[in-house]
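Structure first, commentary second.
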Amino acid sequence: MRAIVVGSGAGGSLAARELRKAGMDVVVLEAGSEFRPMSRRVTMTEPFRRAGIMGTERTIHRLFPAMWTARSSDELVLVRGITAGGTTTIACGNLVRATGGLDEIGLDLTKEFEELEAELHPVTFPRERWRPTTEAMFQAAERLGYNPAPTPKAMKAVRCVACGLCEIGCGSGAKWDARQWLDQAKLEGAEVRLETPVERVIVERGLASGVLVHTKRGNETIKSDLVVLAAGGIGTAQILRASSLPVQDKLWADIVLTLGGSKQDAEMLSEPPMVWYTKHDRFILSPYLDILSHWFHKPWRNVGLKDRVGVMVKLGEEANGVVEADGTVRKELTSADHDKLAAATELAKRVMLDAGVEGPFVPGMLNGGHLGGTVPLRREDVDSMHPGDLPENLYVADLSLLPQSQGLPTMLTASALAMRVVKTITKDRMT
Ligand SMILES: Cc1cc2nc3c(=O)[nH]c(=O)nc-3n(C[C@H](O)[C@H](O)[C@H](O)COP(=O)(O)OP(=O)(O)OC[C@H]3O[C@@H](n4cnc5c(N)ncnc54)[C@H](O)[C@@H]3O)c2cc1C
């Protein structure tokens with residue numbers, strides 16, 4: 001049996017490895033190219049930033065092709081990784097169980113979480129290597145009763161050179177990303193084709209018979225018995241839309257707003273991002289120097305890299321985004337989202353003030369990079385892990401399946417969903 005897996009991120013790479021291990025012929029079709037961390041030194045960009053000639057957030061794609069950004073509204077920038085390994089290559093390495101909305105549909109992923117954690121060995125970054133301001137903010141959060149905890153991460157802390165910029169690719173090999181699974185799939189015999197974006201699924205007599213790809217050499221049809229879409233919340237929705245198959249206008253992104261303050265020589269880039277976090281109702285706070293805001297957000301221009309301090313609010317928002325067949329995304333924050341964001345930002349400000357961080361406190365660029373919800377699982381889909389209105393041999397194995405935003409890191413959940421999808425496929429189709 002031949003399976004096509006579309007995308008090689010948190011969901012796709014794992015699905016490819018597991019399907020191959022189960023004995024299927026597997027072809028992975030990935031739109032992006034081989035991943036390379038950004039090679040330019042961040043300090044070299046400071047003069048351009050101060051002079052205000054860095055342009056908009058779209059510049060990042062020219063400096064660092066793996067990072068894709070797009071504005072879904074005047075105020076919101078969406079971010080994803082289009083490359084081998086997907087968005088995990090530009091993730092901060094945080095590894096937590098995000099389970100919001102799963103009880104409601106009767107899906108328990110505990111076993112998959114346990115299996116993945118046993119493989120990835122999450123660790124916390126040694127506290128003696130935290131920057132003093134980060135430590136002070138942790139203690140402030142404790143005093144304020146927010147119960148901060150060190151963040152579990154998929155990384156080898158001893159290898160980490162503390163460049164502070166996991167999001168532009170780990171140059172030291174300390175941080176895990178899904179290319180590890182992709183390599184394992186290849187070793188097991190899977191075929192991996194990079195720079196091969198899938199345009200649509202071909203449906204014949206009600207079944208998926210393969211996909212149409214568009215490469216530099218032109219269009220090509222690739223046939224298979226099974227298609228697994230794992231192109232992420234936007235990519236999977238785009239392909240389904242282009243195939244005239246059902247998609248929900250319910251994209252969510254987990255909104256990030258980093259409140260910026262300053263402290264002389266805080267040097268937040270001399271530690272990994274987000275070494276601790278506080279968990280609240282559908283949002284977290286975490287120390288973070290948001291590099292997109294630092295480079296491209298005008299209101300942040302007056303504070304230099306050494307002195308900039310940030311606390312991130314990551315908020316689960318309303319699932320209301322629309323993905324079109326050409327990949328255009330429309331998504332706005334609702335007034336309820338804005339109210340929740342304002343309340344959460346107030347807590348971030350309290351932490352910073354209590355830790356002696358100085359104002360003015362300036363909100364950073366609104367962005368979101370946890371893209372899910374476009375093919376939400378329903379209770380009746382859970383046994384088969386197959387969204388009922390898709391052709392019976394067309395599956396989804398990425399964050400698109402997760403019905404609601406989390407306000408928490410999401411890659412472990414994307415992988416756990418993919419693992420459950422593959423278990424179900426192999427049980428139902430290969431026994
Ligand atoms: C800056 C940033 C930091 C993050 N940090 C963390 C973190 O620390 N911890 C955490 O848990 N989560 C983090 N996330 C979120 C996490 O990385 C994602 O939720 C997770 O990777 C989603 O997995 P996925 O498989 O759904 O999609 P992805 O990992 O995005 O994979 C989708 C893949 O599909 C490919 N693709 C897209 N369209 C097509 C097409 N038409 N044809 C073929 N291939 C296609 C893409 O190139 C990509 O490889 C972060 C996100 C961002 C943006």
Checklist line | Of residues in segment 245-273 being of a type in the set (Asp, Glu) and open to solvent by 10 Å² or more (accessible area, probe 1.4 Å), the one nearest to the ligand (Cβ to nearest atom) | finding: Asp249
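Rundown of residues vs (1) modelled with pLDDT under 95; (2) closer than 30 Å to Asp337 by Cβ, yes/no style:
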| site | (1), (2) |
| --- | --- |
| Leu29 | no, no |
| Thr45 | yes, no |
| Thr56 | yes, yes |
| Ile60 | yes, yes |
| Phe64 | yes, yes |
| Met67 | no, yes |
| Ser72 | no, yes |
Next item on the list: Would you confirm whether any residue within segment 58-73 is over 30 Å from Asp225 (Cα atoms), in contact with a Leu (Cβ under 6 Å, 6 or more places away or on another chain) and crowded, with 18+ Cβ neighbours inside 10 Å?
Entry: yes
Item checked: Qualifying residue in segment 173-184 (condition: more than 14 Å from the ligand (Cβ to nearest atom) and open to solvent by less than 20 Å² (accessible area, probe 1.4 Å)) -> no
Item checked: Sole residue being over 16 Å from the mean Cα position of the chain (by Cα), free of Cβ contacts under 8 Å to residues at least 12 places away in the same chain and either under 26 Å from Pro65 (Cβ atoms) or in a helix (DSSP H, G or I) (or both), chosen from Glu142, Glu195 -> Glu142
Next item on the list: Determine the pairs where a residue that is under 15 Å from Ala174 (Cβ atoms), located within segment 74-103, has a partner that is near the ligand (Cβ under 6 Å from one of its atoms) and in a loop (DSSP other than H, G, I, E, B) with Cβ atoms under 6 Å apart, the partner being 6 or more residues away or on another chain.
Entry: Thr88/Gly9; Thr88/Ala10; Asn94/Pro409
Next item on the list: Could you check segment 274-384 for strands (runs of 3 or more DSSP E) lying wholly inside it with 2 or more residues that are more than 13 Å from the ligand (Cβ to nearest atom)?
Entry: 276-280, 283-287, 308-315, 358-363
Notebook entry, point to check: Yes or no: Leu366 touching a helix residue (DSSP H, G or I) at 6+ places or on another chain (Cβ under 6 Å) and of a type in the set (A, V, I, L, M)?
Noted result: no
Next item on the list: Give just the number: which of (1) small (Gly, Ala, Ser); (2) within 17 Å of Leu285 (Cα to Cα); (3) within 26 Å of the chain's Cα centre (by Cα) does Ala157 not satisfy?
Entry: (2)
Margin query: Can you tell me which of (1) in contact (Cβ under 8 Å) with a residue 60 or more places away in the chain; (2) open to solvent by 50 Å² or more (accessible area, probe 1.4 Å) is the one Phe48 doesn't meet?
Written below: (1)
Margin query: Restricting to segment 82-98, and then to whatever is small (Gly, Ala, Ser) and near the ligand (Cβ under 6 Å from one of its atoms), can you tell me which residue is farthest from the chain's Cα centre (by Cα)?
Written below: Gly93
Check: Somewhere in segment 66-81, is a residue touching a Cys at 6+ places or on another chain (Cβ under 9 Å), within 13 Å of the ligand (Cβ to nearest atom) and closer than 22 Å to Ala15 by Cα?
Finding: no
Next item on the list: State all residues of segment 109-120 that are over 23 Å from Arg379 (Cα atoms) and either loosely packed, with under 13 Cβ neighbours inside 10 Å or at pLDDT below 95 (or both); if no residue qualifies, say none.
Entry: Ala118
Check: For segment 370-404, which residues satisfy the criterion of being surrounded by fewer than 18 Cβ atoms within 10 Å (Cβ to Cβ) and of a type in the set (Asp, Glu)?
Finding: Glu380, Asp383, Asp389, Glu392
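The values are calculated or read from the model by the stated rules, or taken from the named source; none is laboratory data. Not measured: the values here are computed from a predicted model. Because the Cβ atoms are built from the backbone with ideal geometry, glycine has one as well, and the counts that use them run over all protein chains shown. The protein model used for the area step is the full one, side chains on, heavy atoms only, and it has no ligands, DNA or RNA in it. Shrake-Rupley method; radii C 1.70, N 1.55, O 1.52, S 1.80 Å.
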